[in-house]
Amino acid sequence: MPGCIMYVIVAFDVSEENVRGRLRRFLRSLGLSMVNRSVYAGVGGQNIAEEIREKVREIVGERDSVFIILVQEHEYLRATICTNMDCKKIEEISYDIV
C-alpha cells in the first residue's frame with residue numbers, strides 16, 4: 001500500500017545455535033529488533049521480507065522454520081507484550097537494536 005509504513009515480523013524455530021546466531025545478526029543488520037527470544041520486528045516492506053526469505057533458504061536446516069509476516073504500522077502498534085509483571089502495548093515500549 002503506497003505511503004503506508006509496513007513492519008516485518010520474523011519468528012523462528014531454529015535448532016542449531018550457530019544458525020540462530022547468524023539469523024539474529026542478519027535480522028539486526030536489516031534494522032530489526034528482538035521483541036522476544038526468537039521474534040524480531042522492524043520497519044520493512046516486501047523487499048526486506050524477500051531478503052529475509054533468501055537468507056533463510058541459504059542458512060536454515062531442513063527441520064527449522066521461519067515465519068515472516070508483513071503488517072501495517074497501525075496493526076503492529078496494536079500488539080501487546082506481556083510478562084509475568086504486566087502487559088504493555090508495543091507503542092509504549094522502545095527496543096534498541098543491539
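We did not get these values from a lab; they are worked out from the coordinates using the rules stated. Source: prediction; values computed, not measured. Counting neighbours? That spans all protein chains shown, and the Cβs are built from the backbone with ideal geometry, glycine included.
Which Cys residues of the chain have no other Cys Cβ less than 4.7 Å away and so no disulfide-compatible partner by this rule?
Cys4 - these cysteines have no disulfide-compatible partner (Cβ-Cβ under 4.7 Å) in the chain.
Select from the range 27-98 those GluC sites (Glu not before Pro) which occupy a DSSP coil region and have at most 12 other Cβ atoms within 10 Å, ordered by residue number.
Listed in order of number, the matching sites are Glu62.
Working from Cα positions, state the angle (0 to 90°, nearest 10) between the long axis of helix 46-59 and the longest principal axis of the chain.
30 degrees
Excluding Asn36 itself, calculate the net charge of residues whose Cβ lies under 14 Å from the Cβ of Asn36, where each Lys or Arg counts +1 and each Asp or Glu counts -1.
+3
Between rounded, prolate and oblate, where does the chain land on the alpha carbon gyration tensor, with a ≥ b ≥ c its root eigenvalues, rounded for a/c under 1.5, else prolate if a/b exceeds b/c?
Taking the square roots of the gyration eigenvalues as a ≥ b ≥ c, the chain is oblate.
Compute the helix-to-body angle for 17-29: its Cα long axis versus the longest principal axis of the chain, expressed 0 to 90° and rounded to tens.
The angle comes out at about 50 degrees.
Let me have the 222 nm mean residue ellipticity of the chain computed from DSSP H runs of 4+ only, each contributing -39500 (n - 2.57), with the sum over all residues rounded to the nearest 500.
Computed ellipticity for the chain at 222 nm equals -9500 deg cm²/dmol.
Within 10 Å of each candidate Cβ there may be at most 15 other Cβ atoms; applying that plus a DSSP loop requirement, which trypsin sites (Lys or Arg not before Pro) in the range 23-66 survive?
Arg37, Arg63
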